[in-house]
1. What pairs can you find where one residue is in segment 51-69 and within 16 Å of residue 36 (Cα to Cα), the other is open to solvent by 30 Å² or more (accessible area, probe 1.4 Å) and assigned to a helix (DSSP H, G or I), and their Cβ atoms are less than 6 Å apart, with a gap of 6+ or different chains?
2. Does segment 153-164 contain any residue that is charged (D, E, K, R) and not in a loop (DSSP other than H, G, I, E, B)?
3. I'd like to check something: does segment 120-130 contain any residue that is of a type outside the set (Ser, Thr, Tyr) and surrounded by 19 or more Cβ atoms within 10 Å (Cβ to Cβ)?
4. Does segment 190-204 contain at least one residue that is part of a helix (DSSP H, G or I) and in contact (Cβ under 8 Å) with a residue 60 or more places away in the chain?
5. How about segment 65-80: which of its residues are in a helix (DSSP H, G or I) and either of a type in the set (Asp, Glu) or exposed (fewer than 14 other Cβ atoms within 10 Å of the Cβ) (or both)?
6. Does residue 163 count as out of contact with any helix residue (DSSP H, G or I) (no Cβ under 9 Å at 6 or more places or on another chain) and either within 27 Å of residue 87 (Cβ to Cβ) or without any contact (Cβ under 8 Å) to a residue 60 or more places away in the chain (or both)?
7. Out of (1) in a helix (DSSP H, G or I); (2) within 22 Å of residue 25 (Cβ to Cβ); (3) open to solvent by 40 Å² or more (accessible area, probe 1.4 Å), the odd one out for residue 51 is which?
Amino acid sequence: MDSNYTAAGKFYATAKNQFPAGDKMIVAQGKLLDLMLYIKNLKKMDATAEAKLTEPLNWLANLRDSKIKIKDLRFDNAISVCNLAISRLYKKQGNPIREVCFNNNAQDFYADSTRVQHMIDLLNKPDKTAFEQTMLRYYPITLNNLYYHRAITLVYQQKLPEAIAQLKKMKPEDFVLAGNPFTGRLVDCHDCDHAAPQKQKYTPLSFLQTLNTLNTEIKQGKNVYSNAYAIANAYYNITYYGNARLFYESDAVATGPTGRYYYEGEQRMDDKLTSMQIAMKYYQLARKNATTDEQRARCTFMLSKCALNEIYNDPNFKGADKFADIKASQPVTDAYYKYFAQLKEKYNNTAYYKEALKECGYFRLYADKK
């Protein structure tokens, strides 16, 4: 407890000579203490240390995985202590790959595509050293997780072919999205979308392939309105506000204290998962190519929803009271007011306008006071 490791080691050695014969738990306890003492004494992780640690770290992993069972031996805290100490040494030595293997909370690791690729290369390495094999037993992220992480990152960069290529590297462990990601709804209702009958169910791969096809057709000038509207819905639904949060959830994702999702060690990923900018880009494109006022009204209202969500994204957002004081004299400054104004002035004869009045209290307040 006083960090006098030299004296502690001498007492451990003396105690070993007095262990009761055949007592597996006491022998294992001694081995566990020896391991922790060795790690506490380490100043650097080098080839000698790695060779020394290979067997005891394998033994500890076998205890964790119940491949070895020793009655009454408590070892969970020892795993945490050893992993953290080793990870800190690797961090100090500037070795992020080995650092993250022993502590997956390593800051900013997954934000760096080069580091992620190095980890993929290590997992794919055919001739791993004995220590590398042992080390990777403590790394909780699989190849599939890393390929999926790369794919998701590329999707929010609008690099769909590259994202599809990453998903195709995965082993067949695909899953089905709970709702149709191409569905647009006046009022967000995830449960409604998830419960609705679906003519076609989408996996992440089929979703991205369809998204890429729609985008290709837009570039070719085909069905621009309907394709752009579907893409806008898709990019809306793969944000925090949409029906397809499952798309970006994986073992490389954690939940923050606000309940929002962010990539482990990369809190700014939160911006990508809440941003409405891509959805707005395609809603604007759809409105530009619409042929009826009903279509334009729909796009305009969806733009107002996106703009409102961007206000929620503002870290200085003070809560719903911001919207309770809409006055007739209030200038149209916030973007969602701008779209409310366009909806009222240009599309008040549409059926969609009446539906928006019925369903959206913020818009109804605005329209009544104007």
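The values are calculated or read from the model by the stated rules, or taken from the named source; none is laboratory data. Here the structure is a predicted model, which means the values were calculated and not measured. Cβ: placed from backbone, ideal geometry, glycine included. Neighbour counts: every protein chain shown. Please note that ligands, DNA and RNA were not included when accessible areas were found on the heavy atoms of the full protein model with its side chains. Shrake-Rupley method; radii C 1.70, N 1.55, O 1.52, S 1.80 Å.
1. 54/130
2. Let us first name the residues in segment 153-164 that are charged (D, E, K, R), namely 159, 162.
Those left that are additionally not in a loop (DSSP other than H, G, I, E, B): 162.
For segment 153-164, residues charged (D, E, K, R) and not in a loop (DSSP other than H, G, I, E, B): present.
3. First, the residues of segment 120-130 that are of a type outside the set (Ser, Thr, Tyr): 120-128, 130.
Now restrict to residues that are surrounded by 19 or more Cβ atoms within 10 Å (Cβ to Cβ): none.
No, there is no match, as no residue in segment 120-130 is of a type outside the set (Ser, Thr, Tyr) and surrounded by 19 or more Cβ atoms within 10 Å (Cβ to Cβ).
4. As a first pass, look at segment 190-204 and keep what is part of a helix (DSSP H, G or I): 190-195, 204.
This time we only want the ones that are in contact (Cβ under 8 Å) with a residue 60 or more places away in the chain, so: none.
No, segment 190-204 contains no residue that is part of a helix (DSSP H, G or I) and in contact (Cβ under 8 Å) with a residue 60 or more places away in the chain.
5. As a first pass, look at segment 65-80 and keep what is in a helix (DSSP H, G or I): 76-80.
Hits for segment 65-80 are 76, 77, 80.
6. Details: out of contact with any helix residue (DSSP H, G or I) (no Cβ under 9 Å at 6 or more places or on another chain): no; either within 27 Å of residue 87 (Cβ to Cβ) or without any contact (Cβ under 8 Å) to a residue 60 or more places away in the chain (or both): yes.
So residue 163 fails the test.
7. All conditions are met except number (2).
This table checks each residue for (1) open to solvent by 40 Å² or more (accessible area, probe 1.4 Å); (2) outside any loop (DSSP other than H, G, I, E, B).
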| position | (1), (2) |
| --- | --- |
| 91 | yes, yes |
| 97 | no, yes |
| 100 | no, yes |
| 140 | yes, no |
| 146 | no, yes |
| 151 | no, yes |
| 174 | yes, no |
